[in-house]
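First up is the structure itself, then whatever we jot down about it.
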Amino acid sequence: MLSSTLSSSSWNALADLVVSRGGYIGPIAVQEPVPGLRGLFCTSDGVRAGEPLLAVPADCTLRGTAKDGQRPIERLITALLAARSAGDAGDHALYLETLPRDVPLLRDWDAGRLELLRAPEVAARVIEQHAWLDRLCEGQEHAHGTSADDVRWAERLVRSRGVSFSDAASKTTGLQLVPLLDFANHRRADAEAEPAVIETGDGMIALCASPTGANRRELNRGDEATFAYTSADEGNERLLLDYGFAQLGADEYAGLTELEERLSAAPEETADLLWSL
C-alpha cells in the first residue's frame with residue numbers, strides 16, 4: 001500500500017515493544033513477496049476466520065479525540081507532531097521509524113490531470129482539501145517547533161493511516177495510528193467476511209483472520225491479511241482522496257501513477273471503470 005523504511009529488524013523491535021506492553025503478535029509478519037507489494041502475511045497454515053493475528057494495546061497507539069473545537073484528525077496530527085518532536089526519547093520512536101516520508105495523494109494532481117477523472121465533484125473535493133490544509137497549517141505552525149511542511153507531512157500520514165476507535169470506558173471516539181496494523185493493505189468491503197479489525201474489551205485494536213474469496217474458513221501460510229479501509233458505499237472517491245489509489249477490478253488496485261497512465265491511454269474506458277465500482 002504505502003512505502004516505508006520498515007525492515008525485518010524494525011518489525012521485530014516494534015513487535016517486541018507491543019508484546020512488552022501487553023499486546024499480542026501471532027502468525028503474521030510484514031513481507032514483500034514481489035517488488036512493490038508490501039503487506040502483512042500469514043506465517044502459519046490453518047488460521048481460522050476470527051482468530052487474532054495481532055493485537056495492539058492503546059498505549060502503543062497515537063490517538064486524537066475531539067476537544068476544544070478541534071476534530072479528531074486535527075488532534076491526531078498534533079499528537080503525531082509532538083511524538084516526532086520528542087525524538088528518540090519518546091514512547092513512539094520505534095513506530096516513527098517505520099513511517100514513510102511522503103504519501104502521494106490525489107490533491108497532488110493539477111487541474112489538467114484532475115479533468116481526466118471526469119468527476120467534477122471529486123475535483124471540487126480536492127480544492128476543499130487544499131483550503132482546509134492551508135487553514136490547518138496556519139493554526140498548527142510553530143507548535144512543537146514545527147513548520148508548515150511538518151504539518152503537511154503529518155496530515156498525509158494521519159489521513160492515509162488513521163483508524164477510528166471508540167473507547168467505552170471514557171465514552172470517547174476518535175482517530176488513531178496503530179503500529180503494525182497500518183501495514184495491512186486494503187480490500188473491498190465484504191459483508192460476508194469475518195470482521196478483520198475489532199476493538200477488544202480491554203482496549204486493544206486487533207487484526208483478525210478474515211479470509212475472502214472461495215475459502216472463507218481460514219488463512220494459510222503466504223495468504224495476505226487485509227481489511228477494508230472504506231465502507232462499501234464510499235468507493236473510489238474516498239480511496240483517491242484519502243489513500244492515493246483506486247480500485248479498478250475485483251482485486252485490482254492502481255496507484256496514482258498507474259491510474260494517470262491508464263486515463264491518458266484510454267480515458268473514457270478507465271473513467272467509466274473507475275466510477276462504476
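For the reader, a short list of remarks on this structure follows.
- Conditions (1) in contact with a strand residue (DSSP E or B) (Cβ under 9 Å, 6 or more places away or on another chain); (2) touching a residue at least 24 places away in the same chain (Cβ under 8 Å); (3) surrounded by fewer than 19 Cβ atoms within 10 Å (Cβ to Cβ); (4) on the phi < 0 side of the Ramachandran plot: number failed by residue 196: (3)
- Every pair of residues 6+ apart whose Cβ atoms lie under 9 Å, when the first sits in region 227-252 and is closer than 14 Å to residue 125 by Cα while the second is of a type in the set (D, E, K, R) and loosely packed, with under 10 Cβ neighbours inside 10 Å: 237/121
- Selection count where residues are of a type in the set (S, T, N, Q) and either under 17 Å from the mean Cα position of the chain (by Cα) or within 18 Å of residue 57 (Cα to Cα) (or both), scope region 199-218: 1
- Of the helices (runs of 4 or more DSSP H) lying entirely inside region 95-180, the ones with 2 or more residues being more than 14 Å from the chain's Cα centre (by Cα) and farther than 30 Å from residue 273 by Cβ are found at 120-140, 148-161.
- Residue ID - surrounded by the most Cβ atoms within 10 Å (Cβ to Cβ), chosen from residues in region 206-220 that are in a loop (DSSP other than H, G, I, E, B) and of a type in the set (A, V, I, L, M): 209
- Only listed residue being under 26 Å from residue 61 (Cβ atoms), of a type in the set (Val, Ile, Thr) and out of contact with any Pro (no Cβ under 8 Å at 6 or more places or on another chain), chosen from 173, 230: 230
- The single condition from (1) touching a residue at least 40 places away in the same chain (Cβ under 8 Å); (2) out of contact with any Pro (no Cβ under 9 Å at 6 or more places or on another chain) that residue 67 fails is (1).
Condition check ((1) within 18 Å of the chain's Cα centre (by Cα); (2) assigned to a loop (DSSP other than H, G, I, E, B); (3) surrounded by 15 or more Cβ atoms within 10 Å (Cβ to Cβ)) across all residues:
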site	(1), (2), (3)
182	yes, no, yes
188	yes, yes, yes
222	no, yes, no
239	yes, no, yes
246	yes, no, yes
253	yes, no, yes
264	no, no, no
271	no, no, yes
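- Considering region 225-237, the residues that are part of a helix (DSSP H, G or I) and either at pLDDT 95 or above or touching a Ser or Thr at 6+ places or on another chain (Cβ under 7 Å) (or both) include one that is surrounded by the fewest Cβ atoms within 10 Å (Cβ to Cβ), namely 237.
Residue by residue, here is whether (1) surrounded by fewer than 18 Cβ atoms within 10 Å (Cβ to Cβ); (2) in contact with a strand residue (DSSP E or B) (Cβ under 8 Å, 6 or more places away or on another chain); (3) within 21 Å of residue 136 (Cα to Cα); (4) modelled with pLDDT of 95 or more holds:
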residue: 19; (1), (2), (3), (4): yes, yes, no, yes
residue: 25; (1), (2), (3), (4): no, yes, no, yes
residue: 38; (1), (2), (3), (4): no, yes, no, no
residue: 69; (1), (2), (3), (4): yes, no, yes, no
residue: 115; (1), (2), (3), (4): yes, no, no, yes
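The values are calculated or read from the model by the stated rules, or taken from the named source; none is laboratory data. Not measured: the values here are computed from a predicted model. When we count neighbours, we look across all protein chains shown, and the Cβ atoms used for this are built from the backbone with ideal geometry, even at glycine.
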